[in-house]
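J.: Handing you this structure, nothing more for now.
The values are calculated or read from the model by the stated rules, or taken from the named source; none is laboratory data. The structure displayed is predicted, hence computed values, not measured ones. Positions of Cβ are backbone-derived with ideal geometry, glycine not excepted, and every protein chain shown enters the neighbour counts. Areas reflect the complete protein model, heavy atoms only, side chains present, ligands, DNA and RNA absent. Shrake-Rupley method; radii C 1.70, N 1.55, O 1.52, S 1.80 Å.
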Amino acid sequence: MSSPSSSIKAKERQRWRDKIPSGSKAKEVGGEVSGALITTLTIAEKSLDGVPVPGLKAAVGGVLEIIKAFKKSQSNAEDLEQLRIHLESLMSSVIEPVKNAKMTDALEARINKLTADLEHINLDHENVLKKGRLRQILSVHDHAETIVGLNRMLDRALQIFMAGGMIQVEKRAEEIHEA
């Protein structure tokens, strides 16, 4: 049997838990805190120019860069997740439905090319994810460039696929018109 005191403590703990943000609200609060911390450290670093304490400015600058790298690595992780969702969506909505359908040789060639491009992009995507968290933080700028490159490759693959389709439609329309 619980005592009134333990019941009050449990209610108090629950009240504190309810005040702690979770999910997207926690990310929002975390983003605000890290943004404020970056601003504060940037100001502190600049104000340390005249302070005669050896290494203090370098230490503040180092902490600032670590926080910026960590924040950028979180952004990279979110971008990679969006890319994964997009790749899965393309595979399930474009490639899978036509796998066993009757199609022209031109469409089959375009589907095969798009599939190969998506598989290549997905492999590069997985290689970025395989790198450990520390390496992702230390290589944030390289990873950001890789993510931009993967998105460009995906855009190009889709543009080529769609352009080929439009050309085939135009050819077919001309054949029908001439007949």
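J.: Cβ neighbours within 10 Å, averaged per peptide: list 69-78, 52-61 in order, most packed at the top.
T.: Working: 69-78: 16.6, 52-61: 11.9.
Packing order, densest peptide first, comes out as 69-78, 52-61.
J.: Something else about it: Using R₀ = 25 Å, calculate the FRET efficiency as 1/(1 + (r/R₀)^6) where r is the Cβ-Cβ separation of Lys113 and Glu78; round to 0.05. Provide the component values of the computation, followed by the final result.
T.: Numbers: r = 29 Å, r/R0 = 1.17.
According to the calculation, E is roughly 0.30.
J.: At 1.4 Å probe size, put Ile160, Ile147 in order of accessible surface, largest to smallest. Can you show the working numbers first?
T.: On the way: Ile160 100, Ile147 5 Å².
Correct descending sequence by accessible area is Ile160, Ile147.
J.: Checking the table Lys99/Lys171; Lys46/Lys68; Lys57/Lys131; Lys99/Lys130 against a 21 Å threshold on Cα-Cα, which pairs fail?
T.: With Cα atoms farther than 21 Å apart: Lys99/Lys171; Lys57/Lys131; Lys99/Lys130.
J.: Measuring with a 1.4 Å probe in the full set of protein chains, what accessible area per residue, in whole Å², belongs to segment 89-179? It would help to have the intermediate numbers written out before the result.
T.: On the way: 6440 Å² over 91 residues.
Accessible area per residue: 71 Å².
J.: What net charge do the residues around Ala163 carry, taking every other residue with its C-beta under 11 Å from that of Ala163, with Lys and Arg at +1 and Asp and Glu at -1?
T.: On the way: positive: Arg110, Arg156; negative: Glu170.
My count for the surroundings of Ala163 gives +1.
J.: Relative to the Cα centre, what is the charge dipole magnitude of segment 48-170, using +1 at the beta carbon of each Lys and Arg, -1 at the beta carbon of each Asp and Glu, and rounding to the nearest 20 debye?
T.: 380 debye
J.: Lys/Arg Cβ at +1, Asp/Glu Cβ at -1, dipole of segment 20-179 taken about the Cα centre: which of Gly62, Leu158, Asn76 is farthest positive-ward?
T.: Result: Gly62.
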